[in-house]
Amino acid sequence: MPGHERQTFVPVLTDSEMQEGEVSIPDLLDRAVRTLDGRDEPVDAVIGFWDFPISTLVPLLAARYGLHGASLEAVVKCEHKYWSRLEQQQVIEEYPRFGLVDLDDPRLPDGLRYPVWLKPVKSYSSELAFHVADDRQFADAVAEIREGIGRLGRPFEWVLDQLDLPQAIAEVGGQACLAEEAMTGARAATEGYVHDGEVVVYGVLDSITYPERSSFLRHQYPSQLPEPVQKRLVEVSERVIAGVGLDWTTFSVEFFCDPESGDVCLLEINPRHSQSHAQLFADVDGIANHHAMVQLALGRDPELPRDKGPYGISAKWYHRRFSDGVLRRGPSPEEVARIEREIPGVRVTPVPREGQRLSELLGQDSYSFELTDVIVGARDEAELVAKYERAVGALTYEFD
């Protein structure tokens with residue numbers, strides 16, 4: 001990131017410590033504090049851009065060291081899916097019908113109709129989120145959620161215990177299940193930040209799924225939606241972010257929308273920006289969205305550039321497989337280098353390692369497995385698609 005060369009970034013915890021198995025928030029906090037207290041230099045900022053538990057560790061550490069950052073309560077209001085919906089009800093009307101599901105006596109909440117999405121009140125990357133069209137699918141989804149909800153739910157309850165919760169949320173806890181009526185239309189997202197109480201939306205992105213599926217095909221920036229729809233997305237984002245009380249942090253808000261009518265419906269609020277979008281902003285605007293996170297954590301106004309990058313549009317593509325298998329052969333480093341050399345603006349990152357079963361990959365949605373992340377910068381959307389198809393056509397994968 002231009003302008004950040006003089007700063008020293010210190011890794012505090014590893015990916016495996018924070019994301020594998022069932023995490024212990026107190027243990028992670030202790031490790032982080034030991035690392036930071038063991039340094040001779042002062043701590044000027046604490047940053048993190050991944051989902052739980054990182055998203056809650058950042059405000060806990062920032063508060064401990066008296067640094068700029070969002071409050072833990074505001075972050076949890078976004079991260080607890082049921083609490084988030086209750087907060088949204090106070091300031092907007094653009095959300096789906098929803099209700100809690102008792103995992104011990106599961107039934108479709110009153111007032112909801114199929115199809116619905118069932119999901120834990122705390123999850124990430126669509127883990128344990130299921131599209132349900134009838135009673136049989138409802139029962140199957142409940143069984144899977146019941147079996148796996150504790151991995152994130154139990155540590156999330158420790159976080160809830162640090163707050164003075166409203167009675168409705170205290171009774172629900174962190175291992176509850178939410179049902180929401182399925183939304184339809186185009187997928188989109190906004191990204192922004194809050195600087196000293198001022199909400200700023202700096203980008204609108206398209207979130208395009210595979211045909212007839214819920215799994216993402218690509219995120220692209222800037223959005224190609226009609227200008228009135230983008231304006232509506234920004235307005236709703238500003239209201240809801242101010243309503244939950246976020247400050248001194250980046251955020252992203254995910255939506256469904258109708259490009260023709262202009263109707264929008266809020267899917268979820270993330271109290272952090274998306275690391276998946278970082279290169280897209282660098283390609284188009286000239287600096288990654290991480291810049292805003294760092295500046296805010298230092299107590300500064302990000303003042304992001306616009307249209308200073310080398311491309312008119314950029315996208316992160318998700319090359320996926322929709323069935324399990326063991327990867328026997330993937331693209332070699334030499335193959336990846338050749339593709340990147342021959343197709344300007346393309347960056348290829350294989351996800352599974354050879355010999356790995358795809359169902360062992362972390363952070364996958366409930367219906368697919370990522371094979372390759374492909375970032376593409378281009379003049380326009382047509383060139384964007386052509387570059388991706390050429391790159392993927394040159395990749396070699398073999399499975400058992």
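The values are calculated or read from the model by the stated rules, or taken from the named source; none is laboratory data. Keep in mind that this is a model prediction, so the values were computed, not measured. No Cβ is skipped: glycine too gets one built from the backbone with ideal geometry, and neighbour counts run over all protein chains shown. With ligands, DNA and RNA removed, areas are computed over all heavy atoms of the protein, side chains included. Shrake-Rupley method; radii C 1.70, N 1.55, O 1.52, S 1.80 Å.
Please determine whether any residue of region 251-267 is among the aliphatic types (A, V, I, L, M), open to solvent by less than 20 Å² (accessible area, probe 1.4 Å) and within 20 Å of residue 380 (Cβ to Cβ). For region 251-267, residues among the aliphatic types (A, V, I, L, M), open to solvent by less than 20 Å² (accessible area, probe 1.4 Å) and within 20 Å of residue 380 (Cβ to Cβ): absent.
Residues in region 79-104 that are farther than 23 Å from residue 142 by Cα and assigned to a helix (DSSP H, G or I) were compared, and the one that is most open to solvent (accessible area, probe 1.4 Å) is 90. For region 34-49, filtering for residues that are part of a loop (DSSP other than H, G, I, E, B) and either of a type in the set (Val, Ile, Thr) or closer than 22 Å to residue 23 by Cα (or both) leaves 5.
Across region 386-400, the qualifying residues are those that are in a helix (DSSP H, G or I) and open to solvent by 40 Å² or more (accessible area, probe 1.4 Å), and the one among them that is farthest from residue 310 (Cα to Cα) is 393.
When region 105-125 is limited to residues that are surrounded by 14 or more Cβ atoms within 10 Å (Cβ to Cβ) and basic (Lys, Arg), the one that is nearest to residue 80 (Cα to Cα) turns out to be 122. From the list 33, 23, the one residue that fits, being more than 21 Å from residue 123 (Cβ to Cβ), open to solvent by less than 90 Å² (accessible area, probe 1.4 Å) and aliphatic (A, V, I, L, M), is 33.
Looking only at region 288-347, residues that are among the hydrophobic types (A, V, I, L, M, F, W, C) and open to solvent by 30 Å² or more (accessible area, probe 1.4 Å) come to 4 in all.
The single condition among (1) closer than 19 Å to residue 196 by Cα; (2) assigned to a helix (DSSP H, G or I) that residue 68 does not satisfy is (2). Annotation: of all residues in region 348-378 being over 26 Å from residue 284 (Cβ atoms) and in a strand (DSSP E or B), the one that is least open to solvent (accessible area, probe 1.4 Å) is 369. Tell me whether region 50-57 contains one or more residues that are over 28 Å from residue 137 (Cβ atoms), in a loop (DSSP other than H, G, I, E, B) and either among the small types (Gly, Ala, Ser) or out of contact with any strand residue (DSSP E or B) (no Cβ under 6 Å at 6 or more places or on another chain) (or both). Yes. Selection within region 193-217: residues that are in contact with a His (Cβ under 8 Å, 6 or more places away or on another chain) and not β-branched (Val, Ile, Thr). The member of this set that is farthest from residue 270 (Cα to Cα) is 214.
Every test in (1) open to solvent by 10 Å² or more (accessible area, probe 1.4 Å); (2) under 27 Å from residue 134 (Cβ atoms) is passed by residue 177 save one, and that test is (1). For region 73-109, a tally of residues being without any contact (Cβ under 8 Å) to a residue 12 or more places away in the chain and of a type outside the set (D, E, K, R) returns 1. Restricting attention to region 135-157 and to residues that are in contact with an Asp or Glu (Cβ under 9 Å, 6 or more places away or on another chain) and of a type in the set (Gly, Ala, Ser), the residue that is least open to solvent (accessible area, probe 1.4 Å) turns out to be 150. Annotation: residue 62 fulfils all but one of (1) touching an Asp or Glu at 6+ places or on another chain (Cβ under 9 Å); (2) open to solvent by less than 40 Å² (accessible area, probe 1.4 Å); the unmet one is (1). Annotation note: of 353, 341, 390, the sole residue that is at pLDDT below 95 and more than 30 Å from residue 117 (Cβ to Cβ) is 353.
Among the residues making up region 182-218, those that are of a type in the set (D, E, K, R) and open to solvent by less than 30 Å² (accessible area, probe 1.4 Å) are 191, 206, 218.
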